[in-house]
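Notes follow once the structure below has been shown.
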Amino acid sequence: MASKTEKTIIDVFWRRVESNSERPAVLHKVQGIYQPIIWREHGRVIELAMGGLAKLGISREAHLAILSLPSPKWTWADLAILSLGAVSIPIYPTLNAPEVDFLIKHSDSVGIFVENELQLRKILERPSLPEKLKFAVIFEGEAPPSTDKLKILKWDELLKDGEVYLLSHKNLVAESIANIAPDTVASIVYTSGTTGIPKGVMLSHGNIYSVCAAIGERMSFSENDQTLSFLPLSHVYERVGGQFLSIFGGITMAYAESIEAVPRNMIETHPTIINGVPRFYEKAYQRIKSEIRNLPKAQQILINWAFSLRKAPEQVASESMATRSHQSQSETSNSEVKNAITKQLHAAELRAADRLVFSKIRRRFGGRLRMLMSGAAPLPPEVQRFFDTIGLNVLEGYGLTETSAPLACNNLESNRPGTVGQPLKGVEVKLGEDGELLVRGPNVFKQYYKNPEATAEAFADGWFKTGDIAAIDSDGFITIKDRKKDIIITAGGKHVAPQYIENLFKGEAIVSHCLVYGDRRKFITCLLTLNREMLKTVASRHKLVYKEVDELYHHPLIKDEIDAAVGRINQSLATFERIKRYEVLPNDFTVEDEELTPTFKVKRKHVTAKYQGILDSMYPDEDIELEKI
């Protein structure tokens, strides 16, 4: 719980440095072993970085960018910038040089922190340097020589400069944080750009603090909790829900070595809380299912028995209700005794299943997880049921960059799968006439940087327009249906929500990604990419002979598997929603090929344009000609 005098996350941070000085703040790998950094050391590094930046002339309202994968140095740079009252601009390290150049220039950044020389080259190898950029600090490796236009220094050099500067500026921290108010701009976070040129969302210290305080009330965190951070800190979801919330709750934050190393890092760090995206949970679910299929038959039977138990309570209750009204009083009494015995036996079976099966799966996730947060996209129901069955609570939430990440979330006490929970304290929501979710509250940004037109378009009578079609039930739980701009209107005038159908495909292990298409067309089609690991599993099951996985894409048995998956999806859809034709792409969508955002959402507009020829090939020529009219 924060003090009443605290108004920003920076206030909370420096209070933690003082009150939790000897407790671990972060964990990071040093020579292959996770080592703790206590709050006192955490604060000292940031103080030195502040001094180094101040010596470079940085003060309130200066704009500084960060271009790096997550690491303690990312956090130290960010908190040093914010503690000075300056503005941090996170940039995804997966962006290419022209995109990085655009963001540095548009944000008016005067300095930048980069992970290594590879990231620095994205700046140095451009035809010209951003005009306002004066210096770059490199986290790892050697720094190339400075030029007359750009000073380049290593992280350690920045800290040494800061140490000298602080000798004559002992009150730098206290004086800097005293001048930070809730309405002070903390960060300009550029939208990931699924639908065009990124917009710079200006978030204030008050925006960030309000979310942390509201989540702190909604969730039951303690200083014994520990989180593993593996999502990009460039994204507001992990930065607010991971980095800043860990500060607010006094939670120890461990940094994953990489996204590929997360399974190993979970076992090493034993987190109690993680922030994930549906793609992370889907891959974990599919990997475990694939491994189960390769186990000996006896073990498969045991595991299948354990998972079958999840249906038993509903069946018992249903049968009990169905028969009770037709029984006499004595028969009812006997029935209740039998039901009580059945429930006791079922409870005993569940305990056995947990000991023999579920606990072993949980140990794969570190053995201590109690909260698994999911955001950025809908979580497939089958994946949610899997984690619930093994005893891991996945809690869905929802937010946007413009709402400082979560504006709603479930919690352990009232988790309603399929919804993104209830609005956080202080957040108001309502539906527009067309079903669009509208939001207002202390978490909502005020404007886009240097883009008054987009700012005006984003609000209606003081309500922020999320762009998402939603439903709100009588208890205030929100269900997100689809992006407003993504809704398909077929040639027959039917409205189809593509995300809903794409989400259903996430329960099919052989499918990696799906893009549904059909606006102004007579029927719905889709592009599919395949899960290559699952292809190997299917090939092994059917004893298929192959040299390269690519050969399997054209095998008739694989085609049958895909047809069966599409058939299962179609059974749950209305006739006008059903997939009439599909094409399988030879490669999966990737962030590097600009087909996915850094949080693994499909860039619909870009992918549609890239594969327009394939999409058109699934329709009669006359349909395509009509569409062009």
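The values are calculated or read from the model by the stated rules, or taken from the named source; none is laboratory data. Since the model is a prediction, treat every value here as computed from it, not as a measurement. Note that each Cβ is placed from the backbone with ideal geometry, even for glycine, and that neighbours are counted across all protein chains shown. Heads up: the accessible areas ignore ligands, DNA and RNA and are worked out on the full protein's heavy atoms, side chains in. Shrake-Rupley method; radii C 1.70, N 1.55, O 1.52, S 1.80 Å.
Convert each backbone phi in region 525-538 into a coupling constant with the Karplus relation 6.51 cos²θ - 1.76 cosθ + 1.60 (shift: θ = phi - 60°), then list the ³J(HN,Hα) values in order as whole Hz, x for Gly and Pro.
For region 525-538, the Karplus-derived couplings read 10, 7, 9, 10, 10, 10, 7, 5, 5, 5, 4, 5, 5, 4 Hz, x marking Gly and Pro.
What number, in percent, do you get for the relative contact order of region 14-171 if the mean sequence gap of Cα pairs under 8 Å and at least 6 apart is divided by its residue count?
On the way: 268 pairs, mean separation 35.3, N = 158.
Computed value for region 14-171: 22 percent relative contact order.
Among Lys506, Lys343, what's the order by accessible area (1.4 angstrom probe), most exposed first?
Heavy-atom accessible area, descending, gives Lys343, Lys506.
Tabulate in residue order the Karplus-calculated ³J(HN,Hα) for region 556-565, using 6.51 cos²θ - 1.76 cosθ + 1.60 with θ = phi - 60°, rounded to whole Hz; enter x for Gly and Pro.
x, 5, 5, 4, 5, 4, 5, 4, 5, 5
May I ask you to evaluate 6.51 cos²θ - 1.76 cosθ + 1.60, the Karplus curve with θ = phi - 60°, for each residue of region 198-211 and list the ³J(HN,Hα) values in order in whole Hz, giving x for glycine and proline?
x, 10, x, 7, 8, 9, 8, 4, x, 4, 5, 4, 4, 5
Taking the Cα atoms of region 459-551, report the difference between the largest and smallest coordinate on each principal axis, in whole Å and largest first.
Computed over region 459-551, the largest-to-smallest principal extents equal 63, 35, 23 Å.
Taking a quarter of the surface of the Cα convex hull of region 390-517, what do you get in nm²?
On the way: hull surface 42.9 nm².
With every direction weighted equally, the projected area is 10.7 nm².
Restricting things to Cα coordinates, could you compute the convex hull volume per residue of region 376-434 in Å³?
105
How big is the convex hull of the Cα atoms of region 1-144, per residue, in Å³?
About 127 Å³ per residue, rounded to a whole number.
Grab the alpha carbons of region 479-523, take their convex hull, and tell me the volume per residue in Å³.
In region 479-523, the Cα convex hull volume per residue is 78 Å³.
At most 10 other Cβ atoms within 10 Å plus a DSSP loop assignment makes a site exposed; report the longest stretch of the chain without any exposed GluC sites (Glu not before Pro).
261-412
So how compact is the chain: Cα radius of gyration and Dmax in angstrom?
When restricted to the Cα atoms of the chain, Rg and Dmax are 26.5, 95 Å.
Quick one: Cα centre-to-centre distance for region 75-111 and region 423-502, in angstrom?
28
Given only helices, namely DSSP H runs of n ≥ 4 each adding -39500 (n - 2.57), what is the per-residue ellipticity at 222 nm of the chain, to the nearest 500 deg cm²/dmol?
-12000 deg cm²/dmol
How big is region 336-379 on each of its three principal axes, counting only the C-alpha atoms and giving the largest first in Å?
Cα spread of region 336-379 along its principal axes, largest to smallest: 46, 25, 13 Å.
Could I have the simple spin-label model distance between Lys494 and Leu345, label points 7 Å from Cα toward Cβ, reported in nm to one decimal?
In this crude spin-label approximation the distance works out to 4.6 nm.
In this model, which of Lys134/Lys154; Lys481/Lys506; Lys7/Lys105; Lys199/Lys484; Lys105/Lys134 are farther than 21 Å apart at the alpha-carbon?
Lys7/Lys105
Can you tell me the accessible area per residue over the chain, all protein chains present, probe 1.4 angstrom, in square angstrom?
Dividing the accessible area of the chain by its residue count gives 46 Å².
In whole Å, largest first, what are the principal axis extents of the Cα atoms in region 147-219?
42, 35, 23
Report the charge-dipole magnitude of region 426-531 in Debye, nearest 20, computed about the Cα centre from +1 at each Lys and Arg Cβ and -1 at each Asp and Glu Cβ.
With only Lys, Arg, Asp and Glu charged at Cβ, the dipole is about 340 debye.
Roughly how many nanometres apart are two label points built 7 Å out from the Cα toward the Cβ at Asp473 and Arg568?
Each label point is offset 7 Å from its Cα along the Cβ direction, giving 2.5 nm.
Indicate the gyration tensor shape class of region 499-629 (rounded, prolate or oblate), computed on the Cα atoms with a ≥ b ≥ c the square roots of the eigenvalues: a/c under 1.5 is rounded; otherwise a/b larger than b/c is prolate and the rest oblate. Display every interim value, and only then the final one.
Working: a/c = 1.72, a/b = 1.45, b/c = 1.18.
Cα axes put region 499-629 in the prolate bin.
Please work out how much length the chain gains when fully extended from Ala352 to Ser308, using 0.36 nm per residue of separation minus the C-alpha to C-alpha distance, in nm with one decimal. Can you show the working numbers first?
Values: separation 44, 0.36 × 44 = 15.84 nm, distance 1.31 nm.
Using 0.36 nm per residue and subtracting the Cα-Cα distance, I get 14.5 nm.
Taking amide H positions as placed 1.01 Å from N in the peptide plane, with prolines and chain starts having none, which residues 5 or more places from Ser512, or on another chain, fall under 5 Å of its amide H?
Excluding prolines and chain starts, which carry no amide H, the hits are Thr529, Leu530, Asn531.
From the residues Ser68, Ile89, Ala261, which one has its Cα farthest along the dipole of the chain in the positive direction, the dipole being from +1 and -1 charges on Cβ of Lys/Arg and Asp/Glu about the Cα centre?
Ala261
Compute the angle between helix 329-353 and the longest alpha-carbon principal axis of the chain, please, reported from 0 to 90 degrees and rounded to the nearest 10.
Tilt relative to the chain: about 50 degrees.
In vacuo Debye scattering of region 1-49, one point per C-alpha: log10 I(q)/I(0) at q = 0.22, 0.28, 0.29 Å⁻¹?
Log10 of I(q)/I(0), two decimals: -0.80, -1.02, -1.05.
Relative contact order (percent) for region 226-307, with alpha-carbon contacts under 8 angstrom and 6 or more residues of separation?
Here the relative contact order equals 32 percent.
With contacts defined as alpha carbon pairs under 8 Å and 6 or more residues apart, what's the relative contact order of the chain in percent? Each step should come with its number before you reach the end.
Values: 1115 pairs, mean separation 67.8, N = 629.
It comes to 11 percent, rounded to a whole number.
Could you tell me which of rounded, prolate or oblate describes region 8-87, using a ≥ b ≥ c as the square roots of the eigenvalues of the alpha-carbon gyration tensor, with rounded for a/c under 1.5 and, failing that, prolate when a/b is larger than b/c and oblate otherwise?
Verdict is oblate for region 8-87.
For a test of the definition: using alpha carbon positions, the gyration tensor, and the 1.5 limit on a/c, classify region 166-292 as rounded, prolate or oblate.
prolate
Could you look at the chain and say what percent of its accessible area is carbon and sulfur, using a 1.4 Å probe and all protein chains?
On the way: 15250 of 28750 Å².
Ligands and nucleic acids excluded, carbon and sulfur give 53 percent.
Which residues' amide hydrogens lie under 5 Å from the amide hydrogen of Ala25, considering only partners 5 or more residues apart or on another chain, with H built in the peptide plane?
HN-HN under 5 Å from Ala25: Ile37, Ile38, Trp39.
Lys481's amide H: which non-local residues (gap 5+, or another chain) put their own amide H closer than 5 Å, with H modeled 1.01 Å from N in plane and none for Pro or chain starts?
For Lys481, whose amide H was placed from the backbone, the distant partners under 5 Å are Ile469, Ala470, Ala471.
Roughly how big is region 145-267's charge dipole about its Cα centre, with Cβ charges of +1 (Lys, Arg) and -1 (Asp, Glu), in debye to the nearest 20?
The dipole of region 145-267 has a size of about 280 debye.
Tilt of helix 72-83 relative to the longest C-alpha principal axis of the chain, in degrees (0 to 90, nearest 10)?
That helix lies at roughly 60 degrees to the long axis.
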